[in-house]
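The values are calculated or read from the model by the stated rules, or taken from the named source; none is laboratory data. Since we're looking at a predicted model, the values are computed, not measured. FYI the Cβ positions are ideal-geometry reconstructions off the backbone, even for glycines, and counts take in every protein chain you see. Just the protein is used for accessible areas: all its heavy atoms, side chains included, with ligands, DNA and RNA removed. Shrake-Rupley method; radii C 1.70, N 1.55, O 1.52, S 1.80 Å.
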Amino acid sequence: MSSRDIMLATIRHAISRPAPDGLPAVPPPGDLPAYRRRLDATGPEIVDRFLERLRDYNVHVEVLDSEAAVIAAATARLAALGLDRLVIPADLPAAWRPAGVTLVEDQALDHQTLNAIPGALTGAALAIAETGSIVLDGGRHQGRRALTLLPDYHLCVVFAGQLVGLVPEAMDQLGRHPARPITFFSGPSATADIELDRVVGVHGPRTLDVLFVTGPTQPREF
Amino acid sequence: MRVSLFITCINDSLYPHTGQAVVRVLERLGHEVVFPEGQSCCGQMHHNSGYAPEAVAMVRQFVEIFREAEVVVVPSTSCTAMIRTQYPHLARHVAKDAALLEAVEALVPRVWEFSEFLTRKLGLTDVGAYYPHRVTYHSSCNSLRSLGLGDGPLTLLRHVRGLDLVELPNNTECCGFGGTFAVKNAETSTAMLTDKMRHILSTNAEICTAGDNSCLMHIGGGLSRQRTGVRTVHLAQILASTAEAPLA
Amino acid sequence: MSNATFTSRAAKSLRNSQLRRNINKATTTIRGKTARVTAELPDWEALRLAGREIKRSTLAELDKHLIALEESVTRAGGTVHWARDAAEAREIVVRLTKAHNTDQVIKIKSMTTDEIELNPALEGAGIRPYETDLADMIVQMGREKPSHLLVPAIHKNRVEIRDLFRDQMGSHGEGLSDRPTDLTKAARAYLRDKFLETRVAISGANFAVAETGSVVVVESEGNGRMCLTLPDVLISIMGIEKVLPRWQDLEVFLQLLPRAATGERMNPYTSIWTGTVPGDGPREFHLVLLDNGRSKILADEVSRETLHCIRCSRCLNVCPVYERAGGHAYDSMYQGPIGAIVTPQLKGLEEAGSLPYASSLCGACHEVCPVKINIPQILVHLRGKVVESKRETALGKLSGENMAMQVASRLFNNQQALEWSLWAGRLGQKLLTRDGVMPWLPPPLSGWTLSRDFPALPEQSFRDWWKQRENGK
């Protein structure tokens, strides 16, 4: 017998034991109180909660009233940080591409090359207000995982229309393409491993900036 | 109401004043108290130490003796928790005895911890007590977690005339008794007791009370060893004290 | 087998005041944070119940879910391996690693790989494992054992860590200060080289979804993302109890775990991957399903819920015994209350039989567990097994504890004998009593009088008083 067969047989034996004679079965739980699957809040409240969470995480966030404002905001932010080179997914819209910086499209760049680029600019799959999370799943405008991992800076464009309230709402949407590689970012990486002193920025991008577009919504695509 | 008293072994042998106080309070409130012969121990020490078959014998004894009781009152949070949460477990998983399980499940809803009986069954907050002392209250783990008594005992204390109630810091933390734990892991238990005593002393109370004499034996034993002068007194003894017949 | 027990190891930690301060600071801080972020969710309690019921129903049909997981992972381009025990799991990982002609691997924090003692096996095969979680790296560099599930290096201070880094990080450690930010920066630079050059990564798994084949790792530092993304080959080892039937189940556990573990609304990074994806991440993915004693736990209807554990470590942070005795007293990668039930069941009671007694049964762990594991109940159940196994030997039967328990149970069943023994006790205690208390008792009760006086038996028991009163009526 293979290990697989032995393990399955052992498991089946373990779970098939009937209750001793005459003892009533352990009663199944009654109706479980349902947890929330949707945040009971208005659109503006959800946006406020998301922004509040991002600020909690010390994420620099700029709220833009339309997609047309992305280029100017990105250009100014990058200039302020002194960043002159960014890697971008090949499908990044022209309407997001900042001026005055070198943009390197990711055409299967090797890891060493990616590692030498100081920043990345991408979109997102969705964002979660309750937890302040931004989720990437490798879909449109997001690129592969290494792109937003090796550079030290990540500028992410998120649309209000991509925002959901709670984790279950996010999992519902992500569940349409569960095979995609998914990454949740909730604040910058951090460690408290040395004397419980919190140090922000361990591996991955040490700075995450968000351009949050409230205006006309980018069409949702999953 | 006709109240059957389950005194518990520790109260019977080491703390008879607690039992006497329970009788006094219940009779003062107009209830009839009976003390069924043949009762001994709830089996908690055996059960918690891993001697489950021996504990089952005590479950059977308890069920036999109190089967017909209208209500059973127990002046011990841990013994009540043993009966309420562990008797069904022992009947099902150790005795594997359907008839015993049925008898336990029929009896358990009539078993009350002393303060719980006063506040929840009788709906009382003031039992007419008088106790002119500065007192702090230790919520035992079983009171808080197994029985969920919450603020019930504190409410009773707040209505005792003359009593100066001081909140015990870090009150939800265990005192470190834990039955045989106090002996088997004496050093860890002592470290927990040391912190508990520090908090008690910080209140400047004369008396530390609780609904369980096993915690109090441990805490009181430490306070006595340190010659702190702080005494431990079971909640029932405070509630039994009146202006006409004050207790120490 | 060593003669050291929880009691003797705890005694050592209790005398280490620096350690106790560190642990107290850590547990107090995390306790506060977890309390805040769990209280802010109006449906926290409903999520806990849902978590427990998902685990319970999953375990009831575990075989079915594992087969479904295998099918999904295989369909997504991964390979599933079945390991009955630690030796088989080690053999699988070493074989897979060697097939790629590499002499080093990078590792993500994984308690399962600690459990199977993978690192010594890799080293024995000429493969150097690099732990990439900061604390695990510190523990590895110091050749020590972790002392906390989530903060494994909690026993080490910054100067000790600086010295380790200076000693072992080559150029990255030169002239290093002891500031945590500098130490972290050095670790980032040192590990970045490893992340880029290493071809095989090893991880654990927090969850795996049977219906989709997706595997989940939650983390804080980003070392996990590096390991999951950059190497050519990824080998993940998971206990069989980590499987969840449905994608939707993740929505419960991704809320429970971070809030209960680190007190965050969400941990900084969560990665979910399914098999392999062309052009993104490893080209080869192996999932090792580990039993190693879990099916034995599954067969025990009382302790089965041990397998609900999602390794959040919240029970450690509320445990008054852990806070004082420290993680090393548990002599295992699983510490605290959950360690006291997991370790004896995995390692056996001969090896870890002192652990079920490492608790005052205060119930704080059960009160906060995000999946409601009744740890005190299982501790007592395991004590029963210790006693049972001792009773099988003549020596065990004659042990002081067994004799005392037998005597007590006879007395409690015999009114007259009980009354006689109280009378004898009153007589016997006269020698030991000072001012109404006994400041010294002989072994095995000497542990009591280490720090506590024992009350002397009063002259009249309650039942004597009652009889007298009834007779007087």
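Pop the C-beta distance of B:R158 and A:D48 into the FRET formula with R0 = 25 Å and round what comes out to the nearest 0.05.
Working: r = 42 Å, r/R0 = 1.69.
That pair, B:R158 with A:D48, gives E of 0.05.
Keeping every protein chain present and rolling a 1.4 Å probe, give me the accessible area per residue for the protein assembly as shown in Å². Walk me through the numbers on the way to the answer.
Numbers: 35120 Å² over 943 residues.
Using a 1.4 Å probe on heavy atoms only, each residue of the protein assembly as shown averages 37 Å².
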Interface area, C with A, accessible, probe 1.4 Å, both sides summed, Å² nearest 100: 6800
Degrees between helix C:400-412 axis and first principal axis of chain C (Cα, 0 to 90, nearest 10): 50
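Suppose we look only past 23 Å in the calculated P(r) of the stretch A:42-213. What percent of the Cα-Cα pairs does that tail hold?
On the way: 5599 of 14706 pairs.
The share of Cα pairs beyond 23 Å in the stretch A:42-213 comes to 38 percent.
Can you give the helix-only mean residue ellipticity at 222 nm for chain C, where every DSSP H stretch with n ≥ 4 adds -39500 (n - 2.57) and the sum goes over all residues, rounded to the nearest 500 deg cm²/dmol? Each step should come with its number before you reach the end.
Values: 24 runs with 244 residues, N = 473.
Dividing the helical sum by the residues of chain C leaves -15000 deg cm²/dmol.
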Protection-proxy order for peptides B:90-97, A:184-191, each taking the mean of Cβ atoms within 10 Å per residue, highest first: A:184-191, B:90-97
Charge-dipole axis of the protein assembly as shown as Lys and Arg at +1 and Asp and Glu at -1 on Cβ define it, positive-most pick from A:L208, C:H81, B:P169: B:P169
Distance from the stretch B:142-189 to the stretch C:30-70 (C-alpha centre basis), Å: 31
Cα-Cα over 31 Å, subset of B:K121/C:K473; C:K242/C:K385; B:K121/C:K25; B:K196/C:K12; B:K184/C:K372; C:K33/C:K242: B:K121/C:K25
Hz values of 3J(HN,Hα) by residue in the stretch C:444-459 - Karplus curve (6.51, -1.76, 1.60), Gly and Pro given as x: x, 7, 5, x, 5, 7, 3, 9, 9, 6, 10, x, 6, 5, x, 5
Semi-axes of the equivalent ellipsoid for chain B, Cα gyration tensor, largest first, Å: 29, 23, 14
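For B:N204 and A:E105, what is the calculated FRET efficiency with R₀ set at 60 Å and r taken between the beta-carbons, to the nearest 0.05?
Numbers: r = 73 Å, r/R0 = 1.22.
About 0.25, to the nearest 0.05.
Among bridges DSSP assigns within chain C, what percent are antiparallel (round to 5)? Could the numbers behind the result be given before it?
On the way: 13 of 37 bridges.
Bridges in chain C are about 35 percent antiparallel.
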For C:353-359, mean number of other protein chain Cβ atoms within 10 Å: 3
Among B:P109, B:V3, B:T119 - extreme Cα towards positive end, dipole of the stretch B:2-121, charges at beta-carbon: B:T119
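Provide the net charge surrounding B:T242, with neighbours chosen by a C-beta distance below 13 Å and charges set as Lys +1, Arg +1, Asp -1, Glu -1. Provide the component values of the computation, followed by the final result.
Details: positive: B:R24, B:R28, B:R161; negative: B:E27, B:D126, B:E244.
Taking every other residue near B:T242 into account, the sum is 0.
Which net charge results when you count Lys and Arg as +1 and Asp and Glu as -1 among the other residues whose beta-carbon is under 15 Å from that of C:A408?
Numbers: positive: C:R410; negative: B:D12, B:E54, C:E401, C:E419.
Value of the local net charge: -3.
When only DSSP loop residues count, what trypsin sites (Lys or Arg not before Pro) in the stretch C:117-219 have their Cβ near at most 15 other Cβ atoms within 10 Å? Before the final figure, lay out the partial values.
Values: sites: C:R143, C:K156, C:R158, C:R162, C:R166, C:K185, C:R188, C:R192, C:K194, C:R199; in loops: C:R143, C:K156, C:R199.
Listed in order of number, the matching sites are C:R143.
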5 angstrom amide H check on A:V87, placed H, neighbours 5+ away: A:V104, A:G119, A:A120, A:L121
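What number results when the radius of gyration of chain C, computed over Cα atoms, is divided by 2.2 N^0.38 Å? Working shown, then result.
Numbers: Rg = 26.1 Å, N = 473, 2.2 N^0.38 = 22.8 Å.
For chain C, the normalised Cα radius of gyration is 1.14.
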Cα-based helix-to-principal-axis angle, C:250-261 vs chain C, degrees rounded to 10: 60
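Within a 10 angstrom radius of each residue's Cβ in B:6-19, how many Cβ atoms of other chains show up on average? Whole number is fine. Present the calculation step by step, with values, prior to reporting the outcome.
Working: counts 0, 4, 1, 6, 1, 2, 8, 12, 8, 4, 10, 3, 1, 5.
Per residue, the number of nearby Cβ atoms from other chains is 5 on average.
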Per-bin percent of Cα-Cα distances, the stretch C:378-473 [5 Å]: 2, 11, 13, 16, 19, 16, 12, 7, 3, 1, 0
Alpha-carbon Debye profile of the stretch B:134-240, log10 I(q)/I(0) at 0.15, 0.17 Å⁻¹: -0.57, -0.73
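Give me the percent relative contact order of chain B, please, defined on Cα pairs under 8 angstrom at least 6 residues apart. Before the final figure, lay out the partial values.
Details: 424 pairs, mean separation 50.8, N = 248.
Relative contact order here is 20 percent.
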Note, ³J(HN,Hα) from phi for the stretch B:131-143, Karplus 6.51, -1.76, 1.60, rounded to Hz, x at Gly and Pro: 8, x, 9, 8, 10, 10, 10, 9, 6, 5, 4, 5, 4
Chain C - Cys residues lacking any other Cys C-beta under 4.7 Å: C:C227, C:C309, C:C312, C:C319, C:C369
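Could you compute the net charge surrounding B:T119? Neighbours are other residues with a C-beta less than 11 Å from the C-beta of B:T119; K and R count +1, D and E count -1.
Net of charged neighbours comes to -2.
So for each of B:72-85, C:237-250 I average, over its residues, the number of other beta carbons within 10 Å; can you give me the resulting order with the highest mean first? Walk me through the numbers before you get to the answer.
Values: B:72-85: 26.4, C:237-250: 21.0.
The packing order, highest mean first, is B:72-85, C:237-250.
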For C:D85, residues with placed amide H under 5 Å, excluding near neighbours: C:D291, C:N292
Whole-angstrom Cα spans of the stretch B:2-121 along principal axes, big to small: 42, 28, 25
For the protein assembly as shown, size of Cβ-based charge dipole, Lys and Arg +1, Asp and Glu -1, in debye: 1700
Where no second cysteine Cβ lies under 4.7 Å, the cysteines concerned in chain B: B:C175, B:C208, B:C215
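Taking each residue of C:440-453 in turn, how many C-beta atoms of other protein chains fall within 10 Å of its C-beta, and what is the average? Display every interim value, and only then the final one.
Numbers: counts 0, 1, 0, 1, 3, 3, 2, 10, 9, 4, 7, 15, 17, 9.
For peptide C:440-453, the averaged partner shielding equals 6.
If you put +1 on each Lys and Arg Cβ and -1 on each Asp and Glu Cβ, how big is the dipole of chain B around its Cα centre, in Debye rounded to 20?
Working: 21 positive and 23 negative charges, 79 e Å.
Roughly 380 debye, rounded to the nearest 20.
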Net dipole in debye of the stretch C:51-292 [+1 Lys, Arg Cβ; -1 Asp, Glu Cβ; about Cα centre; nearest 20]: 420
Nonlocal amide H pairs with B:V33, under 5 Å, H built at 1.01 Å: B:V3
For the stretch A:35-51, 3J(HN,Hα) per residue [Karplus equation, 6.51 cos²θ - 1.76 cosθ + 1.60, θ = phi - 60°, Hz, x = Gly/Pro]: 7, 6, 10, 8, 7, 7, 7, 7, x, x, 5, 5, 4, 4, 5, 4, 5
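Please return the longest range in chain A lying between exposed loop sites, taking trypsin sites (Lys or Arg not before Pro), DSSP loop only, at most 13 other beta-carbon atoms within 10 Å, and leaving the sites out.
Working: sites that count: A:R38, A:R176, A:R198, A:R220.
With a cap of 13 other Cβ atoms within 10 Å, the longest stretch comes to A:39-175.
How much of the DSSP beta bridge set in the stretch A:42-213 is antiparallel, as a percent to the nearest 5?
The antiparallel fraction comes to roughly 25 percent.
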Accessible surface buried once B binds C (1.4 Å probe; total of both sides; Å²): 5500
Debye log10 I(q)/I(0) at q = 0.04 Å⁻¹ for the protein assembly as shown, Cα point scatterers: -0.22
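Can you pull out the GluC sites (Glu not before Pro) in the stretch B:60-157 whose DSSP state is coil and whose Cβ has at most 14 other Cβ atoms within 10 Å?
Details: sites: B:E64, B:E68, B:E70, B:E102, B:E105, B:E113, B:E116; in loops: B:E68, B:E70.
Passing sites in the stretch B:60-157 are B:E68, B:E70.
Restricting to the protein assembly as shown, compute how many DSSP beta bridges are antiparallel as a %, nearest 5.
Values: 25 of 93 bridges.
The antiparallel fraction comes to roughly 25 percent.
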Positive-end extreme of charge dipole, chain C - chosen from C:L41, C:I67, C:W273 (charges on Cβ): C:L41
